[in-house]
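The values are calculated or read from the model by the stated rules, or taken from the named source; none is laboratory data. Only a predicted model underlies this, so the values are computations on that prediction, with no experimental measurement involved. As a convention, Cβ positions derive from the backbone with ideal geometry for all residues, glycine included, and neighbour counts pool all protein chains shown. The accessibility values were calculated without ligands, DNA or RNA, using every heavy atom of the protein model including side chains. Shrake-Rupley method; radii C 1.70, N 1.55, O 1.52, S 1.80 Å.
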Amino acid sequence: MKLIIGNRNYSSWSLRGWLACKQSGLGFEELTVNISGEDWEEAKRAMGEVQPSRGKVPILWDGETVVWDSLAILEYLGDKVGRDRFWPKDDVARGMARSMVAEMHSGYLPLRRALPMNVRARHEGVELPDPVKADVVRILQLWAEARARFGRGGPFLFGTFGAADVFYAPVVSRFVSYGIAVPGFAQAYMQAVWEHDWMQTWIKGAEDEQWVIEQWDTVPAA
């Protein structure tokens, strides 16, 4: 398999696709592209490998199968290796995990737009607009419920690392980068995600990148 990802520092969807591949336990080749570079714009027009995604990353190639979109990649890998590797076995827990992943996949647009993922950045005193504050509160509520009801088996949302953690890992990165104040239980969860071996590998890669996207390196305005 081959996974095409964008800049590690900025591409939250690439992080999700990459973590899903790591969680699958399957071997895969990585190809990292600068999503803001002219070379990538040219490649999207010329390379058959980025079709039919139109260059949206991440893109997973598995033989003749092409899968794009991080949730589709996770589900495709779950079909290959068994869904229990990604989702809780318990029906009730799995129902909540799927709902949390779907909400993350389709929602929280104010947070995404105001606080773009920037692994290297550290901002203090960021004023959050009310819609972003509402997103933060909603996320913390979901984390609290998942941890309280289903998190007894480990430090992650549903105990062991799984699909929900894959999808909320970029949120953890955002909260770290923009100094979002969170309660103690959330701090513990974020620390578990941040210190996970795979996350540390991704963070190191982001820190080593030379690419800079200036519009995502500025302090967000309230």
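Which value, in debye to the nearest 20, gives the size of the charge dipole of the chain about its Cα centre, when Lys and Arg are +1 and Asp and Glu are -1 at the Cβ?
Dipole about the Cα centre, nearest 20: 680 debye.
Residues with beta-carbon under 12 Å from that of Glu30, excluding Glu30: net charge, scoring Lys, Arg +1 and Asp, Glu -1?
Spelling it out: positives minus negatives among the neighbours equals +2.
I'd like to know which of Phe161, Ser106, Ala144 lies farthest towards the positive end of the charge dipole of region 48-167, counting +1 on Cβ of Lys and Arg and -1 on Cβ of Asp and Glu.
Farthest towards the positive pole: Ala144.
Using helices alone, what [θ] at 222 nm do you get for the chain, with -39,500 (n - 2.57) per DSSP H run of 4 or more residues, divided over all residues and rounded to the nearest 500?
-16500 deg cm²/dmol
Probe radius 1.4 Å, ligands and nucleic acids ignored: give me the carbon and sulfur share of the accessible area of the chain as a rounded percent.
Whole-percent figure for carbon plus sulfur exposure: 49.
Using alpha carbons only, what's the Rg to Rh ratio of region 51-137 with Rh from Kirkwood?
1.06
Mean Kyte-Doolittle of at least -1.0 and a Cα length of 20 Å or more along the axis: which whole DSSP H helices of the chain meet both?
91-106, 130-150, 163-177
Can you flag which of Lys89/Lys133; Lys2/Lys56; Lys56/Lys133 are past 23 Å Cα-Cα?
Lys89/Lys133; Lys56/Lys133
Cα convex hull of the chain: how many Å³ per residue?
For the chain, the hull spanned by Cα atoms encloses 118 Å³ per residue.
Quote the relative contact order of the chain in percent (integer), defining contacts as alpha-carbon pairs under 8 Å separated by 6+ residues.
Reported relative contact order: 26 percent.
If packing is taken as the mean number of other Cβ atoms within 10 Å per residue, what is the order of 72-83, 169-180, highest first?
Put in order of decreasing packing, that is 169-180, 72-83.
Given Gln191, Met1, Ala121, which one lies farthest toward the positive end of the charge dipole of the chain, if we put +1 on the Cβ of every Lys and Arg and -1 on the Cβ of every Asp and Glu?
Positive-most Cα among the choices belongs to Gln191.
Just to confirm, what accessible area per residue do you get for the chain at 1.4 Å probe, in whole Å²?
47 Å²
Viscosity 1.002 mPa s, temperature 20 °C: give me the Stokes-Einstein translational D for region 118-222 in µm²/s, with Rh taken as the Kirkwood radius over C-alpha pairs.
The estimated diffusion coefficient comes to 145 µm²/s.
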